[in-house]
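Trainee: What follows is a single structure, and I will ask about it in a moment.
Values in this text are rule-based calculations from the coordinates and carry no lab data. Being a predicted model, the structure only gives us computed values, none of them experimental. So basically every Cβ, Gly included, is an ideal-geometry build from the backbone, and we count neighbours across all protein chains shown.
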Amino acid sequence: MQRHLLLIITLFLAASTYAAKVDTLSVKSTSMNKDVQVVVITPDAASGKKGTACPVIYLLHGHGGHAKSWIEIKPELPQIADERGIIFVCPDGKNSWYWDSPQNPSFRYETFISSELIKYIDEHYNTIDNRKGRAITGLSMGGHGAMWNAIRHKDTFGACGSTSGGVDIRPFPKNWDMAQQLGDIESNKEIWDSHTVINQVDKIQNGDLAIIFDCGESDFFLEVNKNLHNKLLEHKIDHDFITRPGGHNSEYWNNSIDYQILFFDKFFHKQ
């Protein structure tokens, strides 16, 4: 009985010693003049003043989501953070599509994600504070936001991804509050054309970013992801594109994010 009790105590202490820390923060956005909720998952290796500098993966949620969406979809993130020595940062992007909205000056989420948040995380956590130690990905709206920010800020991010991403918004002009950020497509066609990920491809050259994206074969975003794949092929830009069985749901994302984390982990170790 005492031997079993000692074993339980030992296992408990070991789990406590090597447990990632989950912080829920309010990060000030000067550009939007408000605080933004952010969940940060820090591996034990990065804890304390003498912690190891770790790479960071920024995870963006989808439409209707929030800062805690990813840890709800993937509760294993703290364990993965410890196993791989990676910091995960999950900001609340509202329903912004992670643009600096040309219609709504209070929605400057591109500036927040790619400038203000990066600066805050690098100042307050033990990070590898350059593009070689930063990746960004997301689901659905967040997949669009991750690719949008990475392509436009390739000096900030070294790798990017998207899972079930809305990588071409134009086939869906009446959906997901996009018109609130861009105006209606009939009167603002040029804005819609310039604010969709697929039309950003000409801003990068092969090797600028390590790119991975995927989509479920039953997903309504499958065709736009195939179109992005083909456009990247036309521009001779290396990338990983994966389709697998599944729809636009948490079950799919819980599985797909594992492959993206592996891809980013390999990228970090090559640097």
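Trainee: When the Cα centres of region 29-106 and region 122-170 are compared, how far apart do they sit, in Å?
Mentor: Using only Cα atoms to place each centre, the spacing works out to 11 Å.
Trainee: Quick one: which residues, 5 or more positions from CYS54 or on another chain, have an amide H under 5 Å from its amide H? H modelled 1.01 Å from N in the peptide plane, none for Pro or chain starts.
Mentor: It is THR127, ILE128, by chain and number.
Trainee: Continuing with the same structure: Can you list the HN-Hα couplings for region 148-164, worked out from phi with the Karplus curve (6.51, -1.76, 1.60; θ = phi - 60°), rounded to whole Hz and with x for Gly and Pro?
Mentor: Computed from phi, the couplings for region 148-164 are 4, 5, 5, 5, 7, 9, 5, 7, 9, 10, x, 9, 8, x, 7, 10, 6 Hz.
Trainee: Nearest 500 deg cm²/dmol is fine: what mean residue ellipticity at 222 nm does the chain get from its DSSP H runs of n ≥ 4 alone, each adding -39,500 (n - 2.57), divided by its residue count?
Mentor: Calculated from helices alone, the mean residue ellipticity at 222 nm is -10500 deg cm²/dmol.
Trainee: Follow-up. GluC sites (Glu not before Pro), restricted to region 166-260: which are DSSP loop and have at most 12 other Cβ atoms within 10 Å?
Mentor: On the way: sites: GLU186, GLU190, GLU217, GLU223, GLU234, GLU251; in loops: GLU186, GLU217.
Here the sparse-neighbourhood loop sites are GLU186, GLU217.
Trainee: Pull out the extension gain between ASP238 and LYS119, defined as 0.36 nm times the separation in residues minus the alpha carbon to alpha carbon distance; nm, one decimal.
Mentor: On the way: separation 119, 0.36 × 119 = 42.84 nm, distance 2.91 nm.
Working it through step by step, the gained length comes to 39.9 nm.
Trainee: May I pose another question? Once a ≥ b ≥ c are taken as the square roots of the eigenvalues of the Cα gyration tensor of region 74-126, is the result rounded (a/c under 1.5), prolate (a/b larger than b/c) or oblate (a/b not larger than b/c)?
Mentor: oblate
Trainee: Separation between the GLN205 and PHE172 pseudo-spin-labels, each 7 Å from Cα along Cα→Cβ, expressed in nm?
Mentor: Each label point lies 7 Å from its Cα, and together they span 3.4 nm.
Trainee: Which pairs break 25 Å Cα to Cα here: LYS174/LYS226; LYS203/LYS226; LYS28/LYS68; LYS21/LYS119; LYS28/LYS203; LYS21/LYS132?
Mentor: Exceeds cut-off: LYS28/LYS203.
Trainee: Could I ask something else about it? I'd like the Karplus ³J(HN,Hα) series for region 266-271: coefficients 6.51, -1.76, 1.60, θ = phi - 60°, whole numbers in Hz, and an x wherever there's a Gly or Pro.
Mentor: Per-residue couplings from phi come out as 5, 4, 4, 6, 7, 6 Hz.
Trainee: Would you kindly derive the ³J(HN,Hα) couplings of region 204-213 from the backbone phi angles with the Karplus curve 6.51 cos²θ - 1.76 cosθ + 1.60 (θ = phi - 60°), listing them in order in whole Hz, with x for Gly and Pro?
Mentor: 10, 10, 4, x, 5, 9, 8, 10, 9, 8
Trainee: State the label only: which of (i) 8; (ii) 23; (iii) 14 corresponds to percent of Cα pairs over 36 Å apart computed from the shown model?
Mentor: (iii)
Trainee: While we're here: I'd like to compare 126-134, 142-150: which one has the highest average count of other Cβ atoms within 10 Å, and what's the full order after that?
Mentor: Listed from highest to lowest mean packing, they are 142-150, 126-134.
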